[in-house]
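Down below is the structure, laid out as structure tokens.
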Amino acid sequence: MKWFKRARPHGAVFTAVAVVAAVVTGTVIALLGTLDVAADDGVRRGLATRSGADLGLRATLPLADEAQEQDAAVRSAISRALAAVSAPVEVTRSTVGEAPVEVPGLLEQLEALVLVDDDLEHHTEIVEGRWATDAGELTMQADAATALGLENGDTVVVAGTPMRLTGTWLVTDALDARWLGDERITAGRGRAVVPIVLGEADERVWESARVHWTVVPDVTRVTASDLAAAQEGWPRLRAALRAEGIDPAVLSTTGGFTDTAAELRAQVQGMQAIAPVVLLLVATAAVVTLAELARLAGASRAHELALLWSRGRTATANALEAASLGAGAAVIGGIVGAAAAAAVSSVWGLSWGMPVLAVSANVAALALVAATGFGVGALRASRPHGTDAGDAGRASRLVAPGAAVLLTLAAAIAVWQLQLYGSPITEQADDEASVDPVTALAPALALVAIVFIGLTVLPAVMRLFERLSRRSRAPRMLAAHNVSRRLPRLTASIVVLGVATGSLVAAAAYQATWAEGFVRVSAFRSGADILATASGGGFQPRQLETLDGQSSVAAVFPVQRARLQVRDGSAALVAAPPAALPTLVPPVTEAIDADALAAALPVEAPGVPIPEGLDTVVLEADTKHLAVDPSISMLVLDSAGRLARVTADVAGAGDAAVGRTLTITSAVPTSARDGRGQILAFDVDLTDDAVMSEEARFVPVAWTDSSGQPLPAFAARQWSPRGGEMVVAAPLPLADGGFGAAPGVMNVRLMPDAELDAGLYRPPIAVTRSLADRYDLTVGDIFSFAVERSYARIDGEVVAIVPAVPSAGDADAVLIDLAVLQVDAVLTTEFPRAPNALWIQQGETDAAADVRRALPPNTALSYSDDSAGRAVVGSAALAVWAAAALCCLLALVTLAAVASSEHRTRMPEIGLLRALGLRAREQASTRRGEWTAVLAGAIAIGLVAGLAVAALTVPQLASAAIPGTDLGLGTPLRIDVTGLAIALVALVLVCAASVVWISAAVARDARTVRGPEGLR
């Protein structure tokens, strides 16, 4: 009660302190809670786009004699290693072994992947038959059984033991992380590997048995902090196993969850880089507000404190009492703010945590600032002549310039370091990213410094205003005089309102800069609506055909992503069909001028054009001295860049020694029937004993369609062998086409006569600005490079320089026609590589779910809108706006406190002016003019400060919250003009309402006050 009694005479100021503490504490809790919730939500959204190995981890050990004890020890070690992960973690155990398999009628040596998993039946379904239950029985993965031509009841020999196939099974969810994307199990794919489940396992199967412990966190409950816990904990598994008495030397670990965690953590770190900036901005505004309120309290209590000092009370006692009053108000406000935040979180069902340590530190810091400010203010006021309210003293007049100098030096250092690093996130010695505290201070320091610089200039402006008003009417002249004379006492309003206005400008700049940069970088990372990247092996034609059949997919284009080698380093290479470029997302097509590139990049492939509508190509060929008819396949390139291999039907008639006539029928893929496809080659594969003598021949004779109509475009070309590095024994080209084969010739690729290197010699390329600057390239220059896993060295002619190459993932990149790599592969390799990426254009509906189901489990999908990343780092923009709104609220609280104190202090002046004949309306007009000038000056200073802070710091801050800004796109400064205009209009209207309220109070008192003593 004693505290309230002492604070009551100056209740406006102490109430303002409590309100400031409450608002700051509540806002800090809300900001931290909102950012944490947004980070968790974004992480879960990101995990929802992954599948297979990206969501799991696996530890593998040889099967021990004591299997149960081994299982318990490993589970304990996993639990210990991942103890810091808060989300539930499922650990499943399965045992696998290998055994030789013999399938009747199949000469190829196979190997069985024998599975023992107690939960297998719960995650699979029987397609035909039943599960094996007895010795001598087995069930097999359905796709593998179909590929081998097996049916229920067939006998398969496993490890020398005949077993009967009782059923076939499929996994119910191929995307389930428990399978870790193993296509041997999910799709029956794998070279000579057959997944089976035995009714009763033979001991011989377990000679190389291994046990898998598959770890799958519950992705619906994973938090942002769990990512770091998993990343740091999983490598400690070896030490945990050693502690359980298991030798970690035989441990192998797989799974991509830690890599997924690292990628998502980069997004979280982008948001976390802004969090301290926002909190420091809030803290700066709070400190300035409390300091100015303390200065105001000292000025308003000057008479009281000087009187107490004159009666023998020490200045120290006055200071301690004032410090206790200020600290008490801050503590009460902080507690109220924390309680309010907890209540809001509970009522609205928000999952804000209550960081007790952070809240306690916040309240303690506010109390310390308030105590220091109020104590110093009281100490200064407790001196002789301290009651002269009109004399702020020479020291007071030096506060603004001195503060401006110190703050400018500090801000210059912080801004310089931020410009030097280019981001508040820096790499530490352990390769961990962290927020540099000096750079995080840059925006707040710069904003306050520029406001104080403006404050030092404002007196000169007001004196000029006073001189210009000397011949004006009395209210205006008096207003100008009062502003100039009383400016030091209005410093609080000017500083906090300037900081608030500047923070609004900075928030509008950050919002627009981040939003545009995020959209552009996300678009270039994916290129198309969806970028699918294979985990290995590339995408097969059947997978592209599956995508074609999805109604939500408008177009699919194959892409080859690779690294290219140059004389002093490497760069990224993206090989794509030029026709795909105009279909990419708008930010990409606009930046690279997609239509122009689509016209400039194509090369002529050396194939035979396929007439529009042609569905079948029939080749009649004569052979001689070939004991076995060859297998024939056709390589077709369509207009979308898809290179497909079509197996032909071969029918022959005649004697091999005298000569046979082969009829080779090949179906043209549907995608190549639009009149823009080409046939690049025919592969003629001979068995090792097919060539009977050195006079063996294969000669194309006639080309027709399915109805027997001739195909003159095919007949006009001479088809000759192009072996290159893909054969051991080379065939002999014949004068009229075809080839001669000596013993040893097995694989022959027939290609039509053409300038076969035309597509490789000086193909057109587009390079990024970064790469052009690195090698001083201009349009028309030749850029030579080698492509990884390729025999060719390409001398590309630069036809365009672009800001970035879509899907390259590197600032130094080259874009080239995919046909260049495809023709090179046809010329130099037996099996051209499948594309390792796909550009997928969505139809009218969202295709994400359909694409995920159509592609292998471990396929990485990137989206042009990146909603998961936006959910994480986009919350930072809202936090900046929230901090700006808080600064505005603090400014209004300070304005109300200053206006109330000013009004009470100037009551005698109102009485005196009334006695001199100045009417109430004129006094109100005078006070309105004073505050209008002060607030207009503060807003002007804030606008200048905000624009300067935006130019100096916002691009760097925004880049930290945009994963992938290393693409070389930069982060140009933008301002959300509409948002800023709305915010400024709202601020001006509130200030105008405050001025009206102040002037109304003056008018009211001017009608009732009697005499210069200000008595009513």
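Some values worked out for this structure:
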| read-out | value |
| --- | --- |
| Residue within segment 54-76 that is over 30 Å from TRP234 (Cα atoms) and open to solvent by less than 70 Å² (accessible area, probe 1.4 Å) present | no |
| Only one of THR168, THR133 that is open to solvent by 70 Å² or more (accessible area, probe 1.4 Å) and either out of contact with any strand residue (DSSP E or B) (no Cβ under 7 Å at 6 or more places or on another chain) or assigned to a strand (DSSP E or B) (or both) | THR133 |
| Listing of helices (runs of 4 or more DSSP H) fully contained in segment 226-317 that carry 2 or more residues being in contact with a His (Cβ under 8 Å, 6 or more places away or on another chain) | 257-300 |
| Residue that is modelled with the lowest pLDDT [pool: residues in segment 244-264 that are crowded, with 21+ Cβ neighbours inside 10 Å and within 19 Å of ASP40 (Cα to Cα)] | LEU264 |
| Count of segment 488-547 residues which are within 16 Å of the chain's Cα centre (by Cα) and either of a type in the set (D, E, K, R) or in a helix (DSSP H, G or I) (or both) | 15 |
| Total residues in segment 683-710, condition at pLDDT below 90, open to solvent by 80 Å² or more (accessible area, probe 1.4 Å) and part of a strand (DSSP E or B) | 0 |
| Filter pass, GLY738 being farther than 27 Å from LEU686 by Cα, more than 35 Å from the chain's Cα centre (by Cα) and either crowded, with 22+ Cβ neighbours inside 10 Å or modelled with pLDDT of 90 or more (or both) | no |
| Residue identified as within 30 Å of ARG44 (Cα to Cα), in a helix (DSSP H, G or I) and either open to solvent by less than 10 Å² (accessible area, probe 1.4 Å) or touching a residue at least 40 places away in the same chain (Cβ under 8 Å) (or both) among ALA945, ALA897, ALA882 | ALA882 |
| Selection count where residues are touching a residue at least 24 places away in the same chain (Cβ under 8 Å) and in a loop (DSSP other than H, G, I, E, B), scope segment 65-91 | 7 |
| Those strands (runs of 3 or more DSSP E) lying entirely in segment 579-682 with at least 3 residues charged (D, E, K, R) and either in contact with a strand residue (DSSP E or B) (Cβ under 8 Å, 6 or more places away or on another chain) or more than 19 Å from GLN841 (Cβ to Cβ) (or both) | 616-624 |
| Yes/no for ASP143 being over 11 Å from VAL197 (Cβ atoms) and either open to solvent by less than 10 Å² (accessible area, probe 1.4 Å) or at pLDDT 85 or above (or both) | yes |
| Contacts under 6 angstrom Cβ, first residue in segment 548-573 being touching a residue at least 12 places away in the same chain (Cβ under 8 Å), partner of a type in the set (Phe, Trp, Tyr) and open to solvent by less than 40 Å² (accessible area, probe 1.4 Å), 6 or more apart | PHE557/TRP839; VAL559/TRP839; LEU564/PHE785; VAL566/PHE785 |
| Strands (runs of 3 or more DSSP E) wholly inside segment 762-846 containing at least 3 residues that are out of contact with any Cys (no Cβ under 7 Å at 6 or more places or on another chain) and open to solvent by 20 Å² or more (accessible area, probe 1.4 Å) | 782-787, 793-802 |
| Some residue of segment 93-114 being among the hydroxyl-bearing types (Ser, Thr, Tyr), surrounded by fewer than 22 Cβ atoms within 10 Å (Cβ to Cβ) and part of a strand (DSSP E or B) | yes |
| Residues of segment 229-243 satisfying the condition of being over 11 Å from LEU57 (Cα atoms), of a type in the set (A, V, I, L, M, F, W, C) and open to solvent by 20 Å² or more (accessible area, probe 1.4 Å) | ALA239, ALA243 |
| Output for segment 511-540, where each listed residue is among the β-branched types (Val, Ile, Thr) and open to solvent by 50 Å² or more (accessible area, probe 1.4 Å) | VAL519 |
| From ALA266, ALA294, ALA228, ALA283, residue being under 30 Å from ALA442 (Cα atoms) and in contact with a Pro (Cβ under 6 Å, 6 or more places away or on another chain) | ALA266 |
| Leading residue by the ranking (modelled with the lowest pLDDT) among those in segment 352-403 that are within 17 Å of GLY26 (Cβ to Cβ) and of a type in the set (Gly, Ala, Ser) | GLY353 |
| Segment 404-461 - residue that is more than 23 Å from the chain's Cα centre (by Cα), modelled with pLDDT under 75 and surrounded by fewer than 22 Cβ atoms within 10 Å (Cβ to Cβ) and, of those, farthest from GLY946 (Cα to Cα) | ALA429 |
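Table: residues versus (1) within 27 Å of PRO669 (Cβ to Cβ); (2) over 41 Å from the mean Cα position of the chain (by Cα); (3) not hydrophobic (A, V, I, L, M, F, W, C).
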{"position": "ALA594", "(1), (2), (3)": "yes, no, no"}
{"position": "LEU597", "(1), (2), (3)": "yes, no, no"}
{"position": "GLY607", "(1), (2), (3)": "yes, yes, yes"}
{"position": "ASP615", "(1), (2), (3)": "yes, yes, yes"}
{"position": "GLU620", "(1), (2), (3)": "yes, yes, yes"}
{"position": "HIS625", "(1), (2), (3)": "no, yes, yes"}
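The values are calculated or read from the model by the stated rules, or taken from the named source; none is laboratory data. Since the model is a prediction, treat every value here as computed from it, not as a measurement. A quick note on method: Cβ atoms are made from the backbone with ideal geometry, for glycine too, and the neighbour counts reach across all protein chains shown. Note: areas computed on protein heavy atoms with side chains; ligands, DNA, RNA excluded. Shrake-Rupley method; radii C 1.70, N 1.55, O 1.52, S 1.80 Å.
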